[in-house]
Amino acid sequence: MTTENNPSAEFLADLLNSLKNPLLVADTDHKVLYLNRAAEDFYTGGSNLLGSSLLACHNQQSQQQMRDILERMQEGLDEEIITDNEKWRIYMRAMRSATGELVGYYERYEPPRGS
């Protein structure tokens, strides 16, 4: 499970796969690095998205929104909501190294308010 108090990759994958909502991780070039099981089931193409550009899955307006949010994340923004509808609230959340450098982001999903 762990080595020197650090969780193994398998343990972390098990943790992320236990989440019931989709979780997609991308780097600062919008390349898809990881999808949990819920995301593999949710996104068209599932695990075939690994290594592809997340921008390719979105329309031009959404692509620009994601670029703008990533730019603000470079300046210190931690999270911004990108969709809020009757099905989901979707956030783009910054991932930072121990030194604070932006290394990527993830899309996280929540049910809408009142659900």
In Å, descending, principal axis extents of the Cα set of the chain: 45, 33, 32
Low-density loop positions, trypsin sites (Lys or Arg not before Pro), segment 29-111 - DSSP coil, at most 14 other Cβ in 10 Å: K87
Footprinting exposure proxy for H30, H58 (fewest neighbouring C-beta atoms within 10 Å first): H58, H30
Dipole-positive endmost among F42, Y91, Y109 within segment 23-110 (Cβ charges, Cα centre): F42
Along the chain, longest interval not containing exposed GluC sites (Glu not before Pro), exposed being DSSP loop plus at most 13 other Cβ atoms within 10 Å: 5-74
Test item: Cα-centred dipole of the chain, Lys/Arg +1 and Asp/Glu -1 on Cβ, debye: 280
Ellipticity estimate at 222 nm from DSSP helix runs (n ≥ 4, -39,500 (n - 2.57)) divided over the chain, nearest 500: -7500 deg cm²/dmol
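None of the figures in this text is laboratory data; all of them are computed from the coordinates on show. Nothing here was measured: the structure is a model prediction, and the numbers come from that model. Using ideal geometry, Cβ is built from the backbone for each residue, glycine included, and neighbour counts are taken over all protein chains shown.
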